[in-house]
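The values are calculated or read from the model by the stated rules, or taken from the named source; none is laboratory data. As the structure is a prediction and not an experimental result, all values here were calculated from the model. Quick reminder, even Gly has a Cβ in these numbers, built from the backbone with ideal geometry, and neighbours come from all protein chains shown.
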Amino acid sequence: MTDRFHQHDDLDNATTSEPEDPLRAFFGELLSVYTRQQAIKDGILVDVSEWAGCGPEGMLGGFLVPVALTRALWQVIDLGDTDGRSSRESARWQALARQRGESTRGRAHDVLWMLRVAVASHPQQNRLRYSVLMTVEGEGGGLVQNRLTVEAVLDGDGVTIGFPEDF
């Protein structure tokens, strides 16, 4: 008895070949792959998905995908006041920023929120450049307001935010 799923045995045994990837044909097989998870483990990226998400620790209008910051951007955001995330000892300017009421989480929120605004303005783009006002170290260890230009890349792994030269 044949049913409609097994009427064409010759098709069940047929092999299908996928078209050859032109990049793989040109460059050959991959030698190694450096994953996002490995970059987070190595400290190249800092995972801020919890802060960027919609959950209880997240933000209003948060992201539904993983979000990471490059180490270079994190070093500007980090005021040395987070549990286990701090990358270095607190400098004088960081202490001054904390005295003004700034926090690492608040500074990260500014970067994330401005990205949220940029995404809403340009929903079809997968690479966005935008500005964030941030207090940074000035001459002599004092504080100055600076407009940082940051870039976000939205891809299959999530969102990665950093300085344009980080990409």
Please find, among THR104, THR149, the residue that is touching a Pro at 6+ places or on another chain (Cβ under 8 Å) and either surrounded by 15 or more Cβ atoms within 10 Å (Cβ to Cβ) or of a type in the set (Val, Ile, Thr) (or both).
THR149
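The rows are residues; the columns are (1) of a type in the set (S, T, N, Q); (2) at pLDDT 95 or above.
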site: LEU31; (1), (2): no, no
site: GLN38; (1), (2): yes, yes
site: LEU45; (1), (2): no, yes
site: GLY53; (1), (2): no, no
site: ALA91; (1), (2): no, no
site: ALA108; (1), (2): no, yes
site: VAL132; (1), (2): no, yes
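For the range 74-89, which residues satisfy the criterion of being at pLDDT 90 or above and touching a helix residue (DSSP H, G or I) at 6+ places or on another chain (Cβ under 7 Å)?
Of the range 74-89, the ones at pLDDT 90 or above are 74-79.
Selection gives ILE77, ASP78, LEU79.
Enumerate the strands (runs of 3 or more DSSP E) found wholly within the range 54-167, keeping only those where 2 or more residues are touching a residue at least 12 places away in the same chain (Cβ under 8 Å) and over 18 Å from the mean Cα position of the chain (by Cα). Working first, answer last.
Numbers: elements: 67-70, 127-137, 143-155, 158-162.
Because the criterion is at least 2 residues that are touching a residue at least 12 places away in the same chain (Cβ under 8 Å) and over 18 Å from the mean Cα position of the chain (by Cα), the strands (runs of 3 or more DSSP E) in the range 54-167 that meet it are 127-137, 143-155.
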Failed criterion for ASP47 (all others in (1) in contact (Cβ under 8 Å) with a residue 24 or more places away in the chain; (2) among the acidic types (Asp, Glu); (3) in contact with a Pro (Cβ under 9 Å, 6 or more places away or on another chain) hold)
(1)
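Inspect all residues belonging to the range 36-54 and state whether any of them is small (Gly, Ala, Ser) and loosely packed, with under 12 Cβ neighbours inside 10 Å. First the steps, then the outcome.
Taking the range 36-54 as the starting set, the residues that turn out to be small (Gly, Ala, Ser) are 39, 43, 49, 52-53.
Now drop any that are not loosely packed, with under 12 Cβ neighbours inside 10 Å, which leaves 43.
Yes, because at least one residue in the range 36-54 is small (Gly, Ala, Ser) and loosely packed, with under 12 Cβ neighbours inside 10 Å.
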